[in-house]
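Asker: Please read through the structure below; I'll follow up with questions.
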Amino acid sequence: MGKSKAEIQKAYRERKKQKEGEAYLKKERERVKGYYVPIEEKPQRKANERRKKVREWVRQHRLKKKNLTKTVANNLEQTKTVANNLEQCSEISSSSDVTSTVNIVTEQLIVKLPSLATKKRTRTRVNRANAKHRRTIADLTDKNELLNRKIRTVSKRYQRLINREKKTQTIIRNPTTSSSSRNSPSTSTSIALTPRKRTIQEIREEGLTPHKVPKKIQEKLLFANVITEEIGAAWKSNGLKGKHVLKKIVNGEIIKKYKMKKMLGIKSGIRRHHFKATVCSNKLLSFPLLRKRVESREILRGDVVTFLERDDNSRMMPGKNDKKKTETGHIQKRVLNDSMLFLHLKFKTESPKKISLATFCRLRPKHICLTKHLSRNKCLCQKHQNMALALKNMKTSGANVTINPDEFVRQLKDKPLPEILSEIRNENVRYEQWKKVEMADGKKRTKIVEREETRDSFISIVHTQVRDFQEHVSRVRLQYQALNNLKENLPCENVIVQMDFAENFSCTSADEVQSAYWNSSAVTLHPVVVYFKNEQKELEHKNYVFVSDDLGHNIGSVYTIIQKLLSEIKNHVNNLKVVHYWTDSPSSQYRNKTAFYIVSDHKNIFGVNAIWNYFETGHGKGPCDGIGEHQNVPQTSPSDKEK
């Protein structure tokens, strides 16, 4: 029968002991010390398990020792018996030979015990344990003494505080003390007292007994302390407006006449400089003026926000996560089309109200972000981005220009283009532009193309690009002005329809399997904003979102949407005559021969005339983008709840 693993390991250890001896035992002791954990550091359960094993080891050790003692005793008895027998055999050998034989036998039967210094080793272990406990007791004694010392220190501080309260018991500084004593830490400390306790303390400070003072006098003193306490609490708890009202109430002619302004400030905690700018006479007449000032400020804020939210001044970001959290909810972000400096000048030309640039910038809401070209925004105008890249290359080559294309156009009024281009020092200029590139599969994709041009060639390219860009900016400005004028002067029988395709919405299911991720379906979202005049001839708008499982963004989908939209518009607008369409200009969606045919035969098809206006390329951002993303965001929550 083969050996077990335990027997094999035991035999291996025996061979190592015989071969290496004490070196192997020392190595084993060091190895055990490496992972040994004292029993005091073990958890209670594991400590109990180790104690149980130790008791079993001790029991086996004692049993082994007992058996060994018996074996030695038996061997000694056998030795003595053999010696006696040898003595009787005188015929075989002499006594000297017998003695040597006994010694040989005795030497062979002597057993060397493994633990000859057991008592000494046990005493050492006990001494070490006692020393450890004595050190622990000494440490705990020192800590106890330190804590007692801290307790005595805190008790003395508390007693001194009680004594100081009994001696002073005041909430204010003594008005008769000097200015130097007021600034000292000992006199600046104040202890809060109730008005009744303060009244009793003031009576005692004058050398009187409270129960001997007439009750009416005590009530008057208590009333004065209550009023000052109430004024001080109201001053601390109110804001600027509340403090302004409180100053106008308490700072009157009577306070000035009897010179109680200083006393009022000391008692209530209101500093004297707060009363300097307050007009005492007719103080309540200024409240309507203050209210009127606040109302005018709010009206100005509304005008600035309305101006900045116009489509010609800012564009709505189309991303699903492009939103800002406000007090009323989430609002889609907008990005300014120009700098705040130019928008401030534009606002002053359109509005007769006077407003500084600092106030104009301060009134900008959080959801309207500052413009930053060459950013990671999507769906931007290609001409603007190409111009921004060209300006970046010009600036790298030594020209002193801004990287904002609109600001650069205004800069040309003060500094001609040849003078700016003459500042370019590099003979070779790196040139980057967005262009369509034919890929390996035969399709064309828009990418940033980088190439190197000579200085003269680069200047010629920039001349042509700047001329085209100026015309582009002029058309954009005129288009938005035309849209705003149309909204302001819209006839009652006309409507404005502004529409655009939004990002497709991906339909998902709750708790869907892994393979369903690659088979997700989507729907088309087409938001529409309709502007019209109501019965009071005020401009109103209605928002529509058309949903379709047809993912083709083409003129066929647009024609179907117009059919359903016009039937809905006729229910809200009586005697509809003209529809003004405003869209961007992609050839696959709105700007093609089919769309021109629909406009030319709009009267026969739908019964009303139509005018179709196209925004400049890349500048069709408007309220439709915000509506599309608003529809995309809330649909995510309910869909996850469906099973």
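Coordinate-derived values only; no laboratory data. For clarity, every value in this text was computed on a predicted model and none was experimentally measured. Note that each Cβ is placed from the backbone with ideal geometry, even for glycine, and that neighbours are counted across all protein chains shown.
Asker: State the Cα centre-to-centre distance between the stretch 1-71 and the stretch 453-500 in whole Å.
Answerer: So the separation of the two Cα centres works out to 92 Å.
Asker: Sticking with this structure for a sec: Please report how far the C-alpha centroid of the stretch 549-607 lies from that of the stretch 202-232, rounded to the nearest whole angstrom.
Answerer: Distance between centres, Cα-based: 85 Å.
Asker: Moving on to the next point. How would you classify the stretch 298-369 from its alpha-carbon gyration tensor, with a ≥ b ≥ c the square roots of the eigenvalues: rounded for a/c under 1.5, else prolate if a/b is greater than b/c, otherwise oblate?
Answerer: Cα axes put the stretch 298-369 in the prolate bin.
Asker: Each residue of the stretch 458-472 in order: what ³J(HN,Hα) in whole Hz does its phi give by Karplus 6.51 cos²θ - 1.76 cosθ + 1.60, θ = phi - 60°, with x for Gly and Pro?
Answerer: 5, 5, 5, 5, 5, 4, 5, 5, 5, 4, 5, 5, 4, 5, 4
Asker: Pull out a ≥ b ≥ c, the square roots of the eigenvalues of the alpha-carbon gyration tensor of the stretch 382-475, then state rounded if a/c is under 1.5, prolate if not and a/b is larger than b/c, and oblate in the remaining case.
Answerer: In terms of gyration-tensor shape, oblate.
Asker: How about the stretch 368-459: which GluC sites (Glu not before Pro) there lie in a loop by DSSP and see at most 15 other Cβ atoms within 10 Å?
Answerer: Qualifying residues, ordered by number: E423, E427.
Asker: In this model, which of K324/K383; K346/K542; K10/K64; K392/K415; K247/K267; K570/K603 are farther than 20 Å apart at the alpha-carbon?
Answerer: Details: K324/K383 28 Å; K346/K542 29 Å; K10/K64 18 Å; K392/K415 18 Å; K247/K267 15 Å; K570/K603 14 Å.
Too far apart for the 20 Å limit: K324/K383; K346/K542.
Asker: Could you pull out the trypsin sites (Lys or Arg not before Pro) across the stretch 1-77 that fall in loop regions by DSSP (anything but H, G, I, E, B) with no more than 16 other Cβ atoms inside 10 Å?
Answerer: K3
Asker: Please compare each pair in K487/K533; K395/K444; K215/K261 to a cut-off of 19 Å on the Cα-Cα distance and tell me which ones are over it.
Answerer: K395/K444; K215/K261
Asker: Additional query: Please give me, ordered by residue number, the trypsin sites (Lys or Arg not before Pro) of the stretch 379-470 that lie in loop per DSSP and have at most 10 other Cβ atoms within 10 Å.
Answerer: R425, K443
Asker: Please say if the stretch 506-556 is rounded, prolate or oblate, where rounded means a/c under 1.5 for a ≥ b ≥ c the square roots of the C-alpha gyration tensor eigenvalues, and otherwise the choice is prolate for a/b larger than b/c and oblate otherwise? Before the final figure, lay out each step's value.
Answerer: On the way: a/c = 7.52, a/b = 2.65, b/c = 2.84.
In terms of gyration-tensor shape, oblate.
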